[in-house]
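Written below as structure tokens is the structure these notes are about.
The values are calculated or read from the model by the stated rules, or taken from the named source; none is laboratory data. Just so you know, these numbers come straight off a predicted model, no measurement behind them. All Cβ positions, even for glycine, are placed from backbone atoms using ideal geometry, and neighbour counts span all protein chains on display. When the accessible area is computed, the model is the full protein with side chains, heavy atoms only, and any ligands, DNA or RNA have been set aside. Shrake-Rupley method; radii C 1.70, N 1.55, O 1.52, S 1.80 Å.
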Amino acid sequence: RAATDEQSERSPATSKTDQKPTATDTTGLVDWSIPLRQLMGNRDALPRIVESYADEIRQQLLALPDRIRTEDFIEVQRLSHTLKSSLRFFGAEDAANIAQRLEHLAPEGHVGECEEQFQRLQECVESILPELDRFLADGEI
């Protein structure tokens, strides 16, 4: 919550939730200051870390629908928790909050609600991944 408040102070005209990314406009969905702060400013380590996180996010996103369908809610909760942490590492709070909702829904065992949250999460994450890929391609943040 504090990160969200801090962010809206930096850009009062629009918040991340107001922004509607397009296929060609994916900038601003990642707050690069957060991973840089976590790495104590070590930009040389950033590409390796981004690649690792992006791969992990993709794998978890691929695994979730099957785990929901087979009602493996313990695994849905675990995957959602890990996704939430990965997304927060990049300051992708909207997506992290959806992952958190899915994480909290999983123990209740409601397939339909979990599927709905997963769809929202997938849409959000699929708009973030191109920014990570762009960074891996050109090194610019």
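Can you pull out every residue in segment 47-103 that is at positive phi and out of contact with any Asp or Glu (no Cβ under 6 Å at 6 or more places or on another chain)?
Narrowing segment 47-103 to residues at positive phi: 71, 91.
GLU71 - this is the single residue of segment 47-103 that is at positive phi and out of contact with any Asp or Glu (no Cβ under 6 Å at 6 or more places or on another chain).
Does segment 70-85 include one or more residues that are assigned to a helix (DSSP H, G or I), in contact with a helix residue (DSSP H, G or I) (Cβ under 6 Å, 6 or more places away or on another chain) and within 16 Å of VAL30 (Cα to Cα)?
The answer is yes; a qualifying residue exists.
Could you list, in sequence order, all residues of segment 103-134 that are under 14 Å from GLU71 (Cβ atoms) and either free of Cβ contacts under 8 Å to residues at least 40 places away in the same chain or acidic (Asp, Glu) (or both)?
LEU105, ALA106, PRO107, GLU108, GLY109, HIS110, GLY112, GLU113, GLU115
Might you check whether a residue that is crowded, with 19+ Cβ neighbours inside 10 Å and polar (S, T, N, Q) occurs anywhere in segment 38-56?
The answer is no, given that none of the residues of segment 38-56 is crowded, with 19+ Cβ neighbours inside 10 Å and polar (S, T, N, Q).
Residues are listed down the side, and each one gets a yes or a no for (1) at pLDDT below 95; (2) farther than 16 Å from GLN122 by Cα:
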{"position": "ALA13", "(1), (2)": "yes, yes"}
{"position": "ASP18", "(1), (2)": "yes, yes"}
{"position": "ILE34", "(1), (2)": "no, yes"}
{"position": "ARG48", "(1), (2)": "no, yes"}
{"position": "GLU51", "(1), (2)": "no, yes"}
{"position": "LEU79", "(1), (2)": "no, no"}
{"position": "PRO107", "(1), (2)": "no, yes"}
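Six or more apart or on different chains, Cβ under 9 Å: which pairs go from a residue in segment 71-86 that's of a type outside the set (Ser, Thr, Tyr) to one that's outside any helix (DSSP H, G or I) and surrounded by fewer than 17 Cβ atoms within 10 Å (Cβ to Cβ)? Could you list them?
Matching pairs, first to second residue: GLU71/GLY109; PHE73/GLY109.
Name the residue, out of PRO47, PRO65, that is in contact (Cβ under 8 Å) with a residue 40 or more places away in the chain and more than 15 Å from GLU103 (Cα to Cα).
PRO47
Scan segment 101-122 and give yes if some residue there is acidic (Asp, Glu), open to solvent by 80 Å² or more (accessible area, probe 1.4 Å) and closer than 20 Å to PRO35 by Cα, otherwise no.
Just the residues of segment 101-122 that are acidic (Asp, Glu), to begin with: 103, 108, 113, 115-116.
From what is left, the residues that are open to solvent by 80 Å² or more (accessible area, probe 1.4 Å) are 108, 113, 115-116.
Remaining after also requiring closer than 20 Å to PRO35 by Cα: none.
No, the conditions are met nowhere in segment 101-122.
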